[in-house]
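This is the structure I want to talk about, given as structure tokens.
The values are calculated or read from the model by the stated rules, or taken from the named source; none is laboratory data. Note that the coordinates shown come from a computational prediction; the quantities given were computed from them, not determined experimentally. FYI the Cβ positions are ideal-geometry reconstructions off the backbone, even for glycines, and counts take in every protein chain you see. Ligands, DNA and RNA are excluded from the accessible area calculation, which covers all protein heavy atoms including side chains. Shrake-Rupley method; radii C 1.70, N 1.55, O 1.52, S 1.80 Å.
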Amino acid sequence: MGEFACPQFQSLGERYPVLEKLQKVSIVPLVFLIFYEVSGGPFGIEDSVKAAGPLLAILGFLVFPVIWSIPEALITAELGTMFPENGGYVVWVFSALGPFWGFQQGWMKWLSGVIDNALYPVLFLDYLKSGIPQVGGGLPRASAVLGLTVVLTYMNYRGLTIVGWLAVLLGVFSILPFVVMGLVSMPELRPSRWLEVDLHNVDWNLYLNTLFWNLNYWDSVSTLAGEVDDPAKTLPRALFYAVILVVVGYLYPLLTGTGAIPVDRESWTDGYFSHIATTLGGVWLTWWVQGASALSNMGMFVAEMSSDSYQLLGMAERGMLPEFFSRRSRFGTPLTGILFSASGVLLLSWLSFQEIVAAENFLYCFGMLIEFFAFVRLRMKYPTASRPYKVPLGTVGSILMYIAHVLRLFSWMASRPILGD
């Protein structure tokens, strides 16, 4: 094992002994942090029914996790336990391809995360403006975006364990109305509606984009692996439970909505679950679903900011950023990384939704291509390195699986608007 006595494999615990004294994130908060980094609930999956009908929508959220989400989660489990430190995918690329590509991966993924996070205060206010029209535009809206960003940033400053348990509370609040909706829908369920399909009337572009958009970012949790309690065991288990939570969190509302109410595909657009809630349960359930949707954006914001800020801290610990990025607050949080991430959110929150999505798509896809190559490269470059969890396919099997994965990513990139289309 002497060949691994190099900076790529140097223990950060030896260089930063203070890390051992910080309170670590346990499995339950970690599961919900992953849940919010990937999903946040079924808000936004309605277009899958509009594009392809009930049967293909249901099959999509059964099959796509197997061919896309699980491979991405397996990479995260293997490399996150191989490098149980902050920085995640940046450290993987740094170790596989060197500091140049490590830095490229770092800035692209950080910017992608900040761009993604710029959406959430805006979407939260969009839910509020029906009841508070003043936040629909102008100075009141700008002030509200600033206020929300400051409050949620402060939660990240106070500690990752606080953010983790906040994610648990928000997650339970967001999931429960759909559990209730499913229970009250049982007398109205008609399973034959789930089988409705018209293969001659499918918007494949919208359908695949909806699936892809809602089943991404499993690798985000890797950037805070150094804050996880016993990451060798906790990280793979948390990813396993999170995959189940996300998939069930999509399928259960889909089965409820398409089975209990006659399907009008054109009506299945963003926010349609509120209409289903009104039909099945009344106004009280509608308000609960709308409140859950609004608060889900807060959960996604704090989870994403945690990932982005700990990524910068990990990059500084690896020497890819100036040392002041590695400084922690008295709560153990990456103060400089949080401030930089919050500043990026405020600067980018004035972009239009289409501009944000186009930029994020490009950066995310390019970053994932580098990440897949780094995974294969590490298998070949360090075949005997310690991997507490290892993808159970062998190196050749993993390469074949990820060749298919890369081809799917290229085909998806070709169908998306890229920076100004």
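Of all the residues that make up segment 151-165, how many are free of Cβ contacts under 8 Å to residues at least 12 places away in the same chain and either surrounded by fewer than 16 Cβ atoms within 10 Å (Cβ to Cβ) or over 15 Å from Ser329 (Cα atoms) (or both)? Write out each step before concluding.
Applying the first criterion (free of Cβ contacts under 8 Å to residues at least 12 places away in the same chain) to segment 151-165 yields 151, 154, 162.
Filter again for either surrounded by fewer than 16 Cβ atoms within 10 Å (Cβ to Cβ) or over 15 Å from Ser329 (Cα atoms) (or both), leaving 151, 154.
Residues meeting the conditions: 2.
Taking the stated definitions as given, is Asp229 surrounded by fewer than 16 Cβ atoms within 10 Å (Cβ to Cβ) and under 24 Å from the mean Cα position of the chain (by Cα)? Break it down stepwise before answering.
Values: surrounded by fewer than 16 Cβ atoms within 10 Å (Cβ to Cβ): yes; under 24 Å from the mean Cα position of the chain (by Cα): yes.
Spelling it out, Asp229 is indeed surrounded by fewer than 16 Cβ atoms within 10 Å (Cβ to Cβ) and under 24 Å from the mean Cα position of the chain (by Cα).
Quick grid of which residues meet (1) part of a loop (DSSP other than H, G, I, E, B); (2) at pLDDT below 90; (3) open to solvent by 20 Å² or more (accessible area, probe 1.4 Å):
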residue: Glu304; (1), (2), (3): no, no, no
residue: Met315; (1), (2), (3): no, no, no
residue: Met320; (1), (2), (3): yes, no, yes
residue: Leu351; (1), (2), (3): yes, yes, yes
residue: Cys365; (1), (2), (3): no, yes, no
residue: Met368; (1), (2), (3): no, yes, no
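Matching residues to (1) at pLDDT 95 or above; (2) of a type in the set (Gly, Ala, Ser); (3) open to solvent by less than 80 Å² (accessible area, probe 1.4 Å); (4) assigned to a loop (DSSP other than H, G, I, E, B):
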| residue | (1), (2), (3), (4) |
| --- | --- |
| Gly147 | no, yes, yes, no |
| Ser174 | no, yes, yes, no |
| Val179 | yes, no, yes, no |
| Arg193 | no, no, yes, no |
| Val197 | no, no, yes, yes |
| Val202 | no, no, yes, yes |
| Asn205 | no, no, yes, no |
| Asn209 | no, no, yes, no |
| Phe212 | no, no, yes, no |
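Take Tyr250 and decide whether it is open to solvent by 50 Å² or more (accessible area, probe 1.4 Å), in contact with a helix residue (DSSP H, G or I) (Cβ under 8 Å, 6 or more places away or on another chain) and part of a helix (DSSP H, G or I). Steps first, please.
Values: open to solvent by 50 Å² or more (accessible area, probe 1.4 Å): no; in contact with a helix residue (DSSP H, G or I) (Cβ under 8 Å, 6 or more places away or on another chain): yes; part of a helix (DSSP H, G or I): yes.
Judged against the criteria, Tyr250 is not a match.
Report whether or not His275 is free of Cβ contacts under 8 Å to residues at least 12 places away in the same chain, of a type outside the set (A, V, I, L, M, F, W, C) and not in a helix (DSSP H, G or I).
Numbers: free of Cβ contacts under 8 Å to residues at least 12 places away in the same chain: yes; of a type outside the set (A, V, I, L, M, F, W, C): yes; not in a helix (DSSP H, G or I): no.
Considered against the rule, which asks whether it is free of Cβ contacts under 8 Å to residues at least 12 places away in the same chain, of a type outside the set (A, V, I, L, M, F, W, C) and not in a helix (DSSP H, G or I), His275 comes out as no.
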